[in-house]
1. Identify which of L130, L13, L397 has the largest mean-square fluctuation in a Gaussian network model of the chain, with springs joining Cα atoms closer than 10 Å.
2. Positive end of the dipole of the chain, charges at C-beta (+1 Lys, Arg; -1 Asp, Glu), about the Cα centre: which of A170, I261, G135 has its Cα farthest in that direction?
3. Please compute the length gained on full extension between N16 and D189, using 0.36 nm multiplied by the number of residues separating them and subtracting their Cα-Cα distance.
4. From the residues T3, A226, F191, which one has its Cα farthest along the dipole of the chain in the positive direction, the dipole being from +1 and -1 charges on Cβ of Lys/Arg and Asp/Glu about the Cα centre?
5. From the protein chains alone at 1.4 Å, what is the descending order of accessible area for R211, R345, R283, largest first?
6. Which of F115, I90, C104 sits closest to the plus end of the dipole of the chain, meaning its Cα is farthest towards the positive end, when Lys and Arg get +1 and Asp and Glu get -1 on the C-beta?
7. I'd like the orientation of helix 106-116 relative to the chain: the angle between its Cα long axis and the longest Cα principal axis, in ° from 0 to 90, rounded to 10.
8. Based on the Cα atoms of region 245-297, what semi-axes does the equivalent ellipsoid have, where each is the square root of 5 times one gyration tensor eigenvalue, given in whole Å with the largest first?
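The values are calculated or read from the model by the stated rules, or taken from the named source; none is laboratory data. Being a predicted model, the structure only gives us computed values, none of them experimental. Neighbour counts are summed over all protein chains in view; Cβ atoms, including those assigned to glycine, are modelled from backbone coordinates with ideal geometry. When the accessible area is computed, the model is the full protein with side chains, heavy atoms only, and any ligands, DNA or RNA have been set aside. Shrake-Rupley method; radii C 1.70, N 1.55, O 1.52, S 1.80 Å.
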Amino acid sequence: MKTLKIADGIHMLTMNVEDILFEGIWEIANGVTLNSYIVQGEKTAIIDGVIGWDGIPETLYSTLEKIGVKPDDIDYLIVNHMEPDHSGWISNFRKIKDDFTIICTDKAAKMVSSFYGEDRIRIVKEGDTLDLGKGKLLSFHPVPNVHWPDTMYTCERDTKTLFSCDMFGAFGRMTDHYFDDELTAEEMDFFEFEGIRYYSNVMTTFTPSIRKAIEKAKELEINIIAPGHGPVYRKNPQKIMDDYSRFSLYAEGAGKNEITILWGSMYGMTAKAVDFVESILKREGVRYNRLEMPLESDSEMVATVFKSAGVIIGAPTYEYKLFPPVAAALNELGRKKITGKLAFRFGSYGWSGGAERELNEIIERNKMNWDFIESVEFEGAPVEEDLIKIEARVLELIKRMREKVVE
Ligand SMILES: Cc1cc2nc3c(=O)[nH]c(=O)nc-3n(C[C@H](O)[C@H](O)[C@H](O)COP(=O)(O)O)c2cc1C
Ligand SMILES: [Fe+2]
Ligand SMILES: [Fe+2]
C-alpha cells in the first residue's frame, strides 16, 4: 500500500489489486486500485477505508505510521458506499478499536448493520457537515444509485476535494503516477480506456443516476476529485467529469470513430465473411477492433463494443439459434443496458437458419433498441453475391455511423 499527500492533513492510501475477478465476474486485464483517504483535523476520519483489508493489524499500523496516524486516532469511518471493495475492512478494524463512529446515508446504515453487525452509526443527509477541527470541514451529498442505492459523495470544503468513491473511477493499476498532472500521454490513454472499462463493466446500467451525480459534482465547485479507484484529478478535474459525460453517451449508442466486429465461427464459413469485412475496413481506412467470441473476456468485449460507434456481428446458426458465445455477448450487452448502437449482422447456416430470430429476440427482450442494417445470411460458404451485399451494407454502416461519433 502506498501513501500520498493530497494536501495538508489529507492523504491517499492506495493499493493495486490484481488476479481477481472484480465483482466475481470481470477479468480485469490491468488490475484495479483501491483508494482510501485520511482527513486529519483535531479529529481524524478515514473515507472508504480498505487498509488492513487482509485482517493483519501490522498492515494497518505500518501504513498509517507513514503518515503519522495511529489506528487509535481514527474517530470516524466514512462509508461513501457499502460495497465491500470499500467497506470490507470494517470488521477487521473493529477487532483493534472499539470507539469509532460510522458515517453514511440511511440506506447504507441498514447494510452496515446487516453486513457487519455495526450499530454505532451517524446517518447523514444532503448538505450535512462534520467539523473535524483545524479547518477541516466535511460535507455529505447522497448520489443514489451510483452503483448502489446507498452511495454519497464526501467533500472537504477547505481544499474543495471531492471524495467520489465509484464515481469518476477507473480500472488499471497505478505504479509511479497517481495524479493527473503526473500522467504521460500514454498513461492518459491507458486510464481513458480503463475508465471506459470500469464505466462499461460496472457503472453503465446506472447511467441516468450517473448523469445526476455529474451535475451534483458541478454544483459543488470542486478543485480536486479523489475517487475510490484510479488516479486523482487535481490539475483538471473537469476532464474526468467530461469523460464521464461522454461515456454516458456511449451507453446510449454514441461511440468513438471505430467499429467493433463481434464474431464467432465453428468451421470457418462465417469467418470467411469476417475476413472480407476486415479487408473492406482496412481499404476504407476505418479504425476497427476484431473480437472473436468466446476467446475474449466479457470485460474486454463489453468495453470495446461500448466505445464503438458501429458494431458488426458475424455469427452462424447453431441448433436453430444464434451461435451461443455471440448470443451470450449480446445478452450481456443487453443486461448492461447498452442501447442504440448502429449494427449490421451476417452469418452462415446449414439448412434452416434461426440465428436471426434469436438475435431479434435478444434485442427486443433487453429493450436494446439497436439500429440494424438489414442482415445477410448465406447457406454454407459466402458466394460472390453474398459478399457484394455485405460490402454494400458495411459501406452503409460506415456512412451512417458518422452521426454517432463523439470523441
Ligand atoms: C452443432 C451445430 C449445430 C447447427 N445447427 C444448425 C441449425 O439449427 N440450423 C442450421 O441451419 N444450421 C445449423 N448448423 C450448421 C451451421 O450453421 C453451418 O455449418 C454454418 O456454415 C456454420 O458456420 P461457421 O463455420 O461460421 O460456424 C449447425 C452446425 C453445428 C456444428
Ligand atoms: Fe461499487
Ligand atoms: Fe468500487
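1. Per the Cα network of the chain with a 10 Å cutoff, L130 tops the list.
2. Sorting the options by dipole projection puts first G135.
3. On the way: separation 173, 0.36 × 173 = 62.28 nm, distance 1.89 nm.
Computed gain between N16 and D189 is 60.4 nm.
4. A226
5. Numbers: R211 80, R345 0, R283 135 Å².
From most accessible down to least: R283, R211, R345.
6. Among F115, I90, C104, the one farthest towards the positive end of the dipole of the chain is C104.
7. Taking the Cα atoms of the chain, the angle to 106-116 is about 90 degrees.
8. Details: eigenvalues 118, 50, 10 Å².
Ellipsoid semi-axes (Å, largest first): 24, 16, 7.
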